[in-house]
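See below for the structure under consideration.
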């Protein structure tokens, strides 16, 4: 009997930590074992294809290998033909500004970046924590064109052309492909994105790599993909969703992902959707997960995959718990459901993005 033929159950995914020049030497409190580090870590990939599965019938396998074995009971009926795992979720720990960068869309990536997977990168950020004064930059100011951007790179002033956004804990931002952006220091971000690692650096503050060489820039590719003149509603307006006994908000949705934030301090139940699997990212708190025939303890910093056919899943917090739930949506169906609940297009325009 293969693992994929066993009764589906939730499983925990072990993170993979990535060194970054702008990263942190302590990832507490999410990862209290990662303190006093010799080199800064910038990212914890929660659903990298090389991440190991820590529980359940796929235990010990990488997420990428397990995905290839999963039937529709695990993946969901809408994802049976999807070749590669579709969602990359990560924590980001900046102590300096990231490079000013932009990502290509699917059309450009499929034509010019086949060797790198051929997939574009649309993403969203959720501020897990943020110190006073923390900020991000997303989108170009009005009337900025390629000529102005190139001139600003030459004079080391590209920040003057970007839109600055203050960040408070709990804020969420949507960053579509083609949008220049950077994340500042003094915050922890949970990022949900298309599964792609394509990044074109526009400006890097003169930083050097480990060998002392300036880090590579990709200005021409960036100019090819930047959507000049587009107005970006970067900060999303969360939508309150009905829930029994806990807080539930839709933070952002697009064709690639939909992400909700749940907050509960008392036991609650959820129901899986046979069309898609769910990812549960524990932002704060600990307690127990329980489902038909099984249970497990959860802690902050963890990522759990909940199979599409699971049915009921109970969360029993021992401490007040905040969770991000993310999945691959049927966006027209999601939008129609929200409209049926009485939300207008004005309500949705800063949360649901086509």
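The table below lists the values:
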item: Prolate/oblate/rounded call for segment 204-247, Cα gyration tensor, a/c under 1.5 rounded; result: oblate
item: Pairwise centroid distance, computed over Cα atoms, of segment 270-292 with segment 1-63, Å; result: 17 Å
item: Cα gyration tensor shape for segment 130-271, rounded if a/c is under 1.5, else prolate or oblate; result: prolate
item: Nearest-0.05 FRET efficiency for residue 230 and residue 39, computed from C-beta distance (R0 35 Å); result: 0.40
item: For segment 264-317, diffusion coefficient by Stokes-Einstein and Kirkwood Rh (Cα), 4 °C, 1.567 mPa s, µm²/s; result: 114 µm²/s
item: Distance (nanometres) between label positions extended 7 Å along Cα→Cβ at residue 159 and residue 215; result: 1.5 nm
item: Angle in degrees between helix 331-340 and the longest Cα principal axis of the chain, rounded to the nearest 10; result: 70 degrees
item: The chain: C-alpha pair distances exceeding 32 Å, %; result: 30 percent
item: Sequence of 303, 190, 254 once ranked by neighbouring C-beta atoms within 10 Å, starting from the fewest; result: 254, 190, 303
item: Theoretical ellipticity at 222 nm over the chain - DSSP helices of four or more residues, -39500 (n - 2.57) apiece, nearest 500; result: -3500 deg cm²/dmol
item: Of every Cα-Cα pair in segment 92-200, the percent that sits beyond 21 Å; result: 40 percent
item: Cα-based Kirkwood hydrodynamic radius, segment 10-105, one decimal, Å; result: 15.1 Å
item: Alpha-carbon spread of segment 61-152, three principal axes, descending order, Å; result: 51, 37, 21
item: Quarter of Cα convex hull surface for segment 239-348, i.e. mean projection, nm²; result: 6.7 nm²
item: Per-residue Cβ neighbour rank within 10 angstrom, fewest leading, 221, 90; result: 221, 90
item: Fewest-first sequence of 84, 244, 105 by Cβ atoms within 10 Å of each Cβ; result: 244, 84, 105
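Every read-out reported here was derived from the displayed coordinates using simple, explicitly stated rules and does not represent laboratory data. Computed from a predicted model, the values in this text were never measured in an experiment. All Cβ positions, glycine included, derive from the backbone under ideal geometry; neighbour counts span all protein chains shown.
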